[in-house]
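In what follows, a single structure is set out as structure tokens and then discussed.
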Amino acid sequence: MDFAGKTVAALAVSIFWSLTFFAPFAQASLDIDVESSLPDADALRGMAKTSLPATYVNSLKEKALKLRDYQCYCRLYTRKGNAWKDYGGADYLYKYRGLFKATIRTKDYRNGSVVVRDSAGIIKGCGGGTLSFMKITLKEDSRTLQLPTGYSLARSDFGSLYEVLLQSVKNGASATMTASASVKAFPGEVSIIVLKSGPAADSPILEVLYISNDTKTPVGWHTFQNGVPHALVLFQNLETNKGLSEDLFAF
């Protein structure tokens, strides 16, 4: 491989590791102890007993799609063994018609790595530090955009996430909810949606969604593997309809 090829490969690796394995860092956002701040699996099964109406999810999706733009801080936690680790996160900007920009915030060379979908629908990325001068174009389904939650960064806007929820139910996942609950991890009341692999009470949990009863947007998205908590994204410091310029989504 020539120098240019090695450099592009290094850039792709830089972006990939920035997105999937954020390094811990200090951020002016809500700090939580995941284990004590969220209901455990048994509690969730007892709380979410009402069947999830598709009309409710559709209403959430429609409300999200009506947002002209928004910005928030997405904070990622992953669980290894019996311990949760705070792996940092990204400043996330979204504008109608699918524009998004994620800027990674760390204390190492990955700080400042950026992924953008511009007004032409093209996804581009640049690394942090010494690789910031180089840019690469990414495909929608690129592994580079895959997050530990199993979702793609390219389809992590609220409308897309609600669409995935609808598809999961259509594909056979059992979905129940509780309309209002107080959860230590979040300010204000939330609705909790629990996805399981089947209707039986002891069916493995697949995902748990925490929806703000105020904004109707996700405040937490909790994914499981083999019925065991695996990853958690918190959507913090949300600001909507700020009039974000398209210039923010261009390299």
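Here are the numbers:
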{"item": "Near pairs, Cβ below 8 angstrom, 6+ apart or cross-chain, from region 53-82 (closer than 13 Å to Tyr96 by Cβ) to any residue that is of a type in the set (S, T, N, Q) and in a helix (DSSP H, G or I)", "result": "none"}
{"item": "Subset of region 87-106 [touching a residue at least 60 places away in the same chain (Cβ under 8 Å) and under 14 Å from the mean Cα position of the chain (by Cα)]", "result": "Tyr87, Gly88, Gly89, Ala90, Tyr92, Leu93, Tyr94, Phe100, Lys101, Ala102, Ile104"}
{"item": "Filtered residue count, region 187-206, keeping only those that are assigned to a loop (DSSP other than H, G, I, E, B), modelled with pLDDT of 95 or more and either out of contact with any Ser or Thr (no Cβ under 6 Å at 6 or more places or on another chain) or surrounded by fewer than 11 Cβ atoms within 10 Å (Cβ to Cβ) (or both)", "result": "0"}
{"item": "Single residue of Ser168, Ser156, Ser119, Ser160 found to be in contact with a helix residue (DSSP H, G or I) (Cβ under 8 Å, 6 or more places away or on another chain) and modelled with pLDDT of 85 or more", "result": "Ser119"}
{"item": "Residues of region 53-104 classified as of a type in the set (Gly, Ala, Ser) and assigned to a helix (DSSP H, G or I), total", "result": "3"}
{"item": "Region 207-251, residues that are small (Gly, Ala, Ser), in contact (Cβ under 8 Å) with a residue 12 or more places away in the chain and not in a strand (DSSP E or B)", "result": "Gly227, Gly243, Ala250"}
{"item": "Members of region 105-127 that are buried (at least 21 other Cβ atoms within 10 Å of the Cβ), outside any strand (DSSP E or B) and either touching an Asp or Glu at 6+ places or on another chain (Cβ under 9 Å) or among the small types (Gly, Ala, Ser) (or both)", "result": "Ser113, Gly127"}
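The values are calculated or read from the model by the stated rules, or taken from the named source; none is laboratory data. Just so we're clear, the structure is a prediction, and the values are computed from it rather than from any experiment. Here the Cβ is made from the backbone with ideal geometry for all residues, glycine too, and neighbour counts use every protein chain on show.
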